[in-house]
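Below you'll find the structure, written out as structure tokens, and then a few comments.
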Amino acid sequence: MKLLLTAGGISNKSIHNALVDMLDKPIAESSALGITTASYALRGGAGLAWNFFNGQDGAPMTELGWKSMGVLELTALPSIDQELWVPMLKETDVLLVNGGDPLFLSYWMKQSGLADLLPSLRLVYVGMSAGSMVMAPNIGEFFVGWTPPTGGDKTLGLVDFAMFPHLDHEMLPYNTMANAEKWAAGMQGPAYAMDDDTAIKVIDGEVEVVSEGHWKLFTP
């Protein structure tokens, strides 16, 4: 599995080029599945889900011209046979994972069985905001909203670094560099603060920052 972890989707040419390189073929020849489960744990989540799939959230993901597009709803998967969705998943070129609440997303990735499958999949995983944060070992108290039954802030741990997205975003006044530094001080491993024009590419454990904006790496 290849990871393209963004804060604001495929927001500029550099991130777009990175995605095409990871796909090894044009977007127009690639199939995609969208996951917007994380949005449901936010106020107005149903509208956020609709905006994601209709390309109206200002963060390009689903509207890039994919050959085909489907919806993978994680909350439905535990109640159906895996043979109904796992073969489809294995044939898909890319997963597009929307933002929202990262702990809610992590919980349903585990409950659905997707979390166990992810490392073995031969696809490109494109996360946006919470869809990226869920890959980290944990998210930090700053981002805890919905609380899982077991408590805590642990997520999937498929990468060894954490992410603070939407740095200096005009609609998120608390997402400042000063608050990112405080957040990073409480994290156990490497931590990136990144704006919406920045993405982190991970292939075979190799990490590369792709950016036309600003970002900062904090190390313990």
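What is the mean projected area of the alpha carbon convex hull for the chain, to one decimal in square nanometres? Please report the intermediate quantities before stating the final value.
On the way: hull surface 44.6 nm².
Taking the Cα atoms of the chain, their convex hull projects to 11.1 nm² on average.
Taking 0.36 nm per residue of separation and subtracting the Cα-Cα distance, what length does fully extending Leu117 through Gln56 add? Show your work: numbers first, answer last.
Values: separation 61, 0.36 × 61 = 21.96 nm, distance 3.00 nm.
Residue separation times 0.36 nm, minus the Cα-Cα distance, leaves 19.0 nm.
Under the rule a/c < 1.5 gives rounded, and otherwise a/b versus b/c splits prolate from oblate, where does the range 125-164 land using the Cα gyration tensor? Could you put the intermediate results ahead of the total?
Numbers: a/c = 1.74, a/b = 1.56, b/c = 1.12.
Prolate, since a/c reaches 1.5 and a/b exceeds b/c.
What percent do you get for the relative contact order of the chain when only Cα pairs under 8 Å and 6+ apart count?
Values: 468 pairs, mean separation 57.3, N = 220.
Once divided by the residue count of the chain, the mean separation gives 26 percent.
Could you name the aspartates and glutamates in cross-link range of Lys182, using Cα to Cα under 13 Å and dropping any fewer than eight places away on the same chain?
Partners found: Glu141.
Going toward the positive end of the dipole of the range 1-105, with +1 on Lys and Arg Cβ and -1 on Asp and Glu Cβ, which of Asn12, Trp50, Ile35 do you reach last?
Going by the Cα projections, it comes out as Asn12.
Where nothing but the Cβ of Lys and Arg (+1) and of Asp and Glu (-1) is charged, how large is the charge dipole of the range 143-220 around its Cα centre, in debye to the nearest 20? Present the calculation step by step, with values, prior to reporting the outcome.
Details: 4 positive and 12 negative charges, 81 e Å.
The dipole of the range 143-220 has a size of about 380 debye.
Among the lysines, select those whose C-alpha is under 22 Å from the C-alpha of Lys110, and discard any that sit fewer than 8 residues away in the same chain.
Those lysines meeting the cut-off are Lys2, Lys90, Lys154.
Based on the Cβ-Cβ distance of Ala46 and Leu84, what FRET efficiency does E = 1/(1 + (r/R0)^6) give at R0 = 30 Å, to the nearest 0.05? Display every interim value, and only then the final one.
On the way: r = 24 Å, r/R0 = 0.80.
It comes out at approximately 0.80.
Filter the trypsin sites (Lys or Arg not before Pro) in the range 25-133 down to the DSSP loop ones having no more than 11 other Cβ atoms within 10 Å, then list what survives.
Values: sites: Arg43, Lys67, Lys90, Lys110, Arg122; in loops: Arg43, Lys67, Arg122.
Of the trypsin sites (Lys or Arg not before Pro), the ones in loops of the range 25-133 whose Cβ has at most 11 other Cβ atoms within 10 Å are Arg43, Arg122.
Choose one of Leu96, Trp183, Ser112: the residue whose Cα lies farthest towards the positive end of the charge dipole of the range 53-199 (beta-carbon charges +1 Lys, Arg; -1 Asp, Glu; about the Cα centre).
Comparing the listed Cα positions along the dipole, Ser112 ranks first.
Would you work out if the range 147-220 is rounded, prolate or oblate? Take a ≥ b ≥ c from the square roots of the eigenvalues of the alpha-carbon gyration tensor; rounded if a/c is under 1.5, else prolate when a/b is larger than b/c, oblate otherwise.
Values: a/c = 1.65, a/b = 1.09, b/c = 1.52.
Cα axes put the range 147-220 in the oblate bin.
For n ≥ 4 DSSP H runs only, could you compute -39500 (n - 2.57) per run for the chain, divide by its residues and tell me the 222 nm figure to the nearest 500? Working shown, then result.
Working: 7 runs with 53 residues, N = 220.
My calculation for the chain gives -6500 deg cm²/dmol from helical runs alone.
Report the local net charge at Thr198: Lys and Arg +1, Asp and Glu -1, summed over other residues whose C-beta lies under 12 Å from its C-beta. The partial results should precede the final answer.
Working: positive: Lys201, Lys216; negative: Asp168, Asp195, Asp196, Asp197, Glu208, Glu212.
Once all neighbours under 12 Å are counted, the net charge is -4.
Which FRET efficiency value, to the nearest 0.05, do you get for Ser14 and Met69 by plugging their Cβ-Cβ distance into 1/(1 + (r/R0)^6) with R0 = 25 Å?
On the way: r = 24 Å, r/R0 = 0.95.
Given R0 = 25 Å and the Cβ-Cβ separation, E is 0.60.
Whole-Hz ³J(HN,Hα) for each residue in the range 158-175, computed from phi via Karplus 6.51 cos²θ - 1.76 cosθ + 1.60 with θ = phi - 60°, x for glycine and proline: what do you get?
So the Karplus estimates, Gly and Pro as x, are 7, 10, 9, 10, 10, 9, 10, x, 6, 4, 6, 6, 5, 9, 10, x, 8, 8 Hz.
Near Lys13, which lysines are there with a Cα under 17 Å away, not counting those fewer than 8 places off in the same chain?
Excluding near neighbours in sequence, the set is Lys25, Lys201.
Suppose every Lys and Arg Cβ carries +1 and every Asp and Glu Cβ carries -1, with no other charges. What dipole size does the range 1-134 come out with about its Cα centre, to the nearest 20 debye? All intermediate terms of the calculation are to be shown ahead of the outcome.
Values: 8 positive and 12 negative charges, 49 e Å.
With Lys and Arg at +1 and Asp and Glu at -1, about 240 debye.
Hey, quick one: spin label on Trp146, modelled 7 Å out along Cα-Cβ, who in the range 10-41 has an amide N within reach, i.e. under 16 Å?
Flagged as within label range: 35-41.
Say each of Lys216 and Asp160 gets a label point 7 Å from the Cα, pointing the same way as Cα to Cβ; how far apart are those two points in nm?
2.4
Say we join alpha carbon atoms closer than 10 Å with springs in a Gaussian network model of the chain; which of Ala28, Ala191, Ala49 then has the biggest fluctuation?
Ala28
Just so you know, all these numbers are worked out from the coordinates, no wet-lab data involved. The structure displayed is predicted, hence computed values, not measured ones. Heads up, the Cβs are rebuilt from the backbone with ideal geometry, glycines too, and the neighbour counts pull from every protein chain shown.
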